[in-house]
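Report on the following structure.
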Amino acid sequence: MQLLNQKNARFHVPSVVAAMAFIMVCSGAPVWSQVAKPKSEKTAKVKSVEPKATKTKSQASSGKNSVAAFTEPLNELDKKFVDAWKEAGVTPAGLATDVAFVRRIYLDTIGRVPTMEEAKSALAMGLDNRKGRKRLVESLLEHPDYPKNFALNWRNALIGRNPMGGRDVNGPAFETWLRQQILQNQPWDNMVREMVAGEGSSKDVGAVNFILAHARFGGSRLADENAATALTAKTTRVFLGIQIQCTQCHDHFLNNVWKQNDFWGINSFFLGLEREELPRDDAQKGDNNRPEGFIVRDQPTTAWSMFERRNALGASVPPLYIGGTEMLNYETKPRRQALADFIIQKDRRQLARAVVNRYWAHYMGKGFVNPVDDFGEHNEAVTPEVLDYLADQVVEQKFDLKALIMTIATSLPYQLSSEIPASEKKKDDTLFARMALKPMDPEQLYESILVITQADAGLGTGKDAENRRIGQRQNWVRQFVRNFANDEGGESSDFEGTIPQAMMMMHGPMTDQVIASFQTPDSKMQNLVEKAFAARQPMAAMADSLYGQILTRPPTIRERQEAEAAFGRLFATLSQGQKTPPANIKQSPGYQALRMASEDLVWALLNSNEFILNH
């Protein structure tokens with residue numbers, strides 16, 4: 001295929017076969033090894049070199065006692081899981097290999113796969129025991145990409161990639177504020193207080209952009225009587241994990257606790273909201289002539305939330321917290337400050353349960369409660385005693401998010417493999433007895449491709465180059481995100497394996513950049529080819545590098561043989577009829593065959609299940 005279409009290097013592997021392999025999440029084997037070789041094609045003999053032994057201690061001891069050996073002595077959290085597995089008759093998976101753990105913890109904590117150098121350094125810590133893995137987690141919590149990654153995660157959860165507030169929201173200021181809070185390890189309850197009750201400029205006080213993203217203003221005041229409904233729903237969902245938006249129109253059908261008054265009572269806390277435009281820059285014209293930002297504040301008000309019950313009778317409620325607690329002196333005191341106090345004091349344990357569930361779902365692929373923001377008697381938690389234990393810890397540790405991550409990332413369930421034990425008949429695991437397969441989110445995928453290939457190196461340095469990078473990243477993410485036209489500005493952001501997404505991975509601009517970089521002077525990919533070409537067995541060296549860079553592991557014997565065979569076929573074809581060697585070594589059949597085979601291999605690995613999934 002390479003020789004049939006050299007102008008478009010992306011079509012090296014038959015597109016239909018690749019698309020089917022890409023979309024069908026099965027064994028996780030690379031697409032490269034799933035493409036059948038034509039029987040009639042003669043294969044050039046290329047000597048295969050068996051890769052060096054790569055078993056780590058944890059791999060070598062992956063027998064029946066490996067999990068017990070790793071966790072001895074059991075701490076209180078792990079004991080709760082072991083007891084739950086025994087009671088349910090569930091056999092837990094074995095330990096994840098050191099290599100799998102390294103890739104997993106990098107993706108979950110700093111939002112990308114490790115470089116080969118980072119992986120080697122991590123493996124050198126000795127990851128066959130809890131102490132070694134704990135050291136790795138600690139190092140990643142000090143990595144500069146940790147606050148960057150979690151600031152982005154929280155931005156997506158709190159205001160979305162395309163918030164309803166649109167042009168009124170200063171997304172970069174909000175994300176910068178989040179990054180600073182996470183870098184300084186500010187307690188989560190303090191962060192919640194600032195987002196719910198904060199006042200000031202959207203440029204300088206980034207937290208107020210949470211309000212601007214979900215409240216609808218008409219001039220300086222709320223646009224109408226329903227202008228804070230999305231803000232009400234978002235506040236309770238994200239911070240308390242409670243979906244009371246259903247009670248906007250009626251009492252909850254499945255939950256006997258939540259009534260219509262609960263929604264509109266929370267809504268009343270926002271009725272004093274006001275915003276003021278910061279001065280416009282008169283030098284700017286046209287579409288750019290817009291406010292520099294807004295000042296958010298509260299004004300005293302006597303307003304109550306007005307709504308209609310199902311019997312068509314009108315009703316109204318003052319600022320009323322969930323369960324019927326009324327705010328005192330609401331006419332003269334800042335209402336949002338009172339709401340923040342209710343959330344982080346009256347419902348302090350539920351605030352802890354909500355953040356525990358969200359972080360557990362981030363690391364484990366699913367929460368104790370699913371969806372993660374739907375607590376209530378209608379939606380029973382899995383292993384509720386574990387959820388409550390972790391929530392109590394969070395309260396005791398004063399909402400220390402780093403401490404929460406450390407607890408989760410060193411827990412027994414997080415150490416387990418994603419493979420289902422052969423003896424386990426229950427495929428639908430709900431007790432965290434194995435790691436769930438987690439599709440990369442768009443940001444993880446983008447950052448991983450960049451760190452692997454450095455495909456953006458050609459954009460240069462400086463402010464303009466950084467703006468181009470940001471624009472490129474936003475364009476990439478936009479193609480993976482579907483926004484729903486609902487009152488809360490919801491979005492589906494997981495990599496869902498749709499055909500358009502698959503086609504973008506196979507034939508999109510990012511893939512173009514990666515393939516083109518093989519012929520870009522001084523690019524990472526070209527440098528890898530040049531280095532491998534000088535080796536005794538060029539394709540074997542290239543396969544080792546590419547598998548290590550992309551999948552964080554060496555190729556298997558079969559995978560290496562497949563790569564060498566493809567190189568041999570290309571070399572044999574390109575050498576036909578050549579009488580004199582070219583003056584430029586890069587025009588030689590050997591170098592061209594190595595480059596072309598490497599392009600094919602990179603393309604296939606990036607489109608493999610093993611790369612796309614966090615396992």
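Quick look at the numbers
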{"read-out": "Test: residue in the stretch 134-147 that is of a type in the set (D, E, K, R), in a helix (DSSP H, G or I) and more than 21 Å from P413 (Cβ to Cβ)", "value": "yes"}
{"read-out": "Residue count, the stretch 386-408 (criterion: over 26 Å from L437 (Cβ atoms) and surrounded by fewer than 19 Cβ atoms within 10 Å (Cβ to Cβ))", "value": "11"}
{"read-out": "Meets criteria (at pLDDT 85 or above, out of contact with any Leu (no Cβ under 8 Å at 6 or more places or on another chain) and either under 27 Å from T176 (Cα atoms) or not hydroxyl-bearing (S, T, Y) (or both)) for V257", "value": "no"}
{"read-out": "Subset of the stretch 523-570 (residues that are over 23 Å from Q513 (Cβ atoms) and not in a helix (DSSP H, G or I))", "value": "A534, A535, R536, Q537, R553, P554, P555, T556"}
{"read-out": "The stretch 548-585: number of residues that are touching an Asp or Glu at 6+ places or on another chain (Cβ under 7 Å) and closer than 24 Å to R103 by Cβ", "value": "4"}
{"read-out": "Residues located in the stretch 310-330, provided they are more than 39 Å from the chain's Cα centre (by Cα) and surrounded by 13 or more Cβ atoms within 10 Å (Cβ to Cβ)", "value": "A315, V317, P318, Y330"}
{"read-out": "Qualifying residue in the stretch 185-208 (condition: among the aromatic types (F, W, Y) and farther than 23 Å from I405 by Cα)", "value": "no"}
{"read-out": "Residue within the stretch 113-128 that is farther than 27 Å from S268 by Cα, out of contact with any Ser or Thr (no Cβ under 7 Å at 6 or more places or on another chain), surrounded by fewer than 20 Cβ atoms within 10 Å (Cβ to Cβ) and of a type in the set (K, R) present", "value": "yes"}
{"read-out": "Residue list for the stretch 331-357, filter: buried (at least 20 other Cβ atoms within 10 Å of the Cβ) and basic (K, R)", "value": "R335, R336, R353"}
{"read-out": "Failed item, numbered, when D374 is tested on (1) part of a helix (DSSP H, G or I); (2) in contact (Cβ under 8 Å) with a residue 60 or more places away in the chain", "value": "(1)"}
{"read-out": "Test: E331 is part of a loop (DSSP other than H, G, I, E, B) and either without any contact (Cβ under 8 Å) to a residue 60 or more places away in the chain or touching a Gly at 6+ places or on another chain (Cβ under 7 Å) (or both)", "value": "yes"}
{"read-out": "Matching entry among L606, L574, L546, L601 (being closer than 30 Å to K438 by Cβ and at pLDDT below 95)", "value": "L606"}
{"read-out": "Subset of the stretch 131-171 [touching a Ser or Thr at 6+ places or on another chain (Cβ under 6 Å) and either surrounded by fewer than 16 Cβ atoms within 10 Å (Cβ to Cβ) or at pLDDT below 95 (or both)]", "value": "K134, N170"}
{"read-out": "Search result, residues across the stretch 390-448 that are within 16 Å of the chain's Cα centre (by Cα), closer than 15 Å to Y363 by Cβ and assigned to a helix (DSSP H, G or I)", "value": "I405, A409, Q444"}
{"read-out": "Test result for S411, among the polar types (S, T, N, Q), surrounded by fewer than 16 Cβ atoms within 10 Å (Cβ to Cβ) and either farther than 17 Å from I242 by Cα or touching a residue at least 12 places away in the same chain (Cβ under 8 Å) (or both)", "value": "no"}
{"read-out": "Within the stretch 304-313, tally of residues that are free of Cβ contacts under 8 Å to residues at least 24 places away in the same chain and within 14 Å of N226 (Cβ to Cβ)", "value": "1"}
{"read-out": "Flag for F368 being surrounded by 13 or more Cβ atoms within 10 Å (Cβ to Cβ), over 24 Å from D400 (Cβ atoms) and modelled with pLDDT of 95 or more", "value": "no"}
{"read-out": "Matching residues in the stretch 148-161 - criterion: being within 18 Å of R237 (Cα to Cα) and part of a helix (DSSP H, G or I)", "value": "N153, W154, R155, N156, A157, L158"}
{"read-out": "Single match in A361, A391, A403 (criterion: touching a residue at least 24 places away in the same chain (Cβ under 8 Å) and small (G, A, S))", "value": "A391"}
{"read-out": "Filter result for the condition that a residue is modelled with pLDDT under 90, touching a helix residue (DSSP H, G or I) at 6+ places or on another chain (Cβ under 9 Å) and surrounded by fewer than 21 Cβ atoms within 10 Å (Cβ to Cβ), over P509, P500, P554, P589", "value": "P509"}
{"read-out": "A597 in the same structural domain as A532 (by TED's automatic domain parsing) and either under 19 Å from L528 (Cβ atoms) or not small (G, A, S) (or both)", "value": "yes"}
{"read-out": "Counted residues, the stretch 581-600 - those being among the polar types (S, T, N, Q) and free of Cβ contacts under 8 Å to residues at least 12 places away in the same chain", "value": "3"}
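The values are calculated or read from the model by the stated rules, or taken from the named source; none is laboratory data. Predicted model, so just to flag it, every value in this text is computed and none were measured. Neighbour counts run over all protein chains shown; Cβ positions are idealised from the backbone, glycine included.
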